[in-house]
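In what follows, a structure is listed as structure tokens, so that the remarks can point back to it.
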């Protein structure tokens, strides 16, 4: 088992908590900041009631390959539950700045040479924006969103098994249009208050304005995009769109990998059943692809520095 240590950044009610995973390696080593996806996903990649430990497993596999990592609970989640600013003041950029702080923290860990970013799902966009400010050696985006959040929401609402009344679908459509235009919506049906209450609308607007492909095109670091073919949350088209953001981005489709990075069938019920099975191994090709990418980029950076 790798060595794991609790770590934190910030002070008082602004404190964020994470886990530093260290390899049993002599000398210097490279490190990866792991950023989880949207919603109440904790540092290990788990949702309430669905423990799969996918990101914890990634960290442990990285350690076995000789790499350190930090994975953290986002504001309002897990041990960082109390580190929530007033909802009306929360912005998507808050998470980006948090990610940069964690990357800077990781950079200062004794023994760390180069820092890489790894974003899962929505975490891919967080890492992409962080990479525009933090000098990472490379970045891995796994099952990342390749379209704007509003496009993905609209796609999900048009799914054949969606169970939302037509009048609410129409209202949601108008709300999305308004928020995309940067205008608050004052009158919300009670059924939609949970998702679109006025206090959360500024955050949604700050999130909706980003096109992951366009933001990725602004970066100049080495990037590997990985997409599972049986991911029901993020379609393969998302990964392909990210890979086309600019020249030099490497792209890998992993056949049969779902959103929690496990081997899973196309049968929806069986696929989602893996979300609650932490003993299932990660999809076979995933970690070799990640470690090969990190090793190659770290070697290239070393050669460049020597020259």
Between residue 240 and residue 299, what is the label-point separation in nm under the 7 Å Cα-to-beta-carbon projection?
3.2
Full-extension gain between residue 253 and residue 178, please, as 0.36 nm times their residue separation minus the C-alpha to C-alpha distance.
23.5 nm
1/(1 + (r/R0)^6) with r = Cβ-Cβ of residue 157 and residue 272, R0 = 25 Å, i.e. FRET efficiency to nearest 0.05, evaluates to 0.85
What ranking, highest mean first, results for peptides 72-82, 87-97 when packing means the other Cβ atoms within 10 Å averaged over each residue?
72-82, 87-97
Go ahead and set up a Gaussian network model of the chain, Cα springs under 10 Å, then flag whichever of 40, 165, 212 fluctuates most.
165
Peptides 47-59, 112-124, 186-198, 294-306: what's the order by average Cβ count within 10 Å, highest mean first?
112-124, 47-59, 294-306, 186-198
Distance between Cα centroids, region 43-57 to region 224-254: provide it in whole Å.
22
Selected from 181, 131, 103 as most flexible by GNM, with the chain as the system and alpha-carbon contacts under 10 Å:
181
Quick check: residue separation of residue 168 and residue 107 times 0.36 nm, minus the Cα distance between them. What number comes out in nm?
17.2 nm
How would you rank 33-39, 148-154, highest first, on the average number of other Cβ atoms within 10 Å across their residues?
33-39, 148-154
Per the helix-only model, the chain has a calculated mean residue ellipticity at 222 nm (DSSP H runs of ≥4, -39500 (n - 2.57) each, divided over all residues, rounded to the nearest 500) of -11000 deg cm²/dmol
Interatomic Cα distance distribution for region 149-209, bins of 5 angstrom, percent
4, 18, 31, 27, 15, 5, 0
If the label point is 7 Å along Cα→Cβ of residue 218, which residues in region 119-148 have backbone nitrogen under 16 Å from it?
124-136, 147-148
For labels at residue 5 and residue 281 in the simple 7 Å Cα→Cβ model, what's the distance in nm?
3.1
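Each value in this text was obtained by applying a stated rule to the coordinates, not by laboratory testing. None of these values were measured; they are calculated from a predicted model. Quick reminder, even Gly has a Cβ in these numbers, built from the backbone with ideal geometry, and neighbours come from all protein chains shown.
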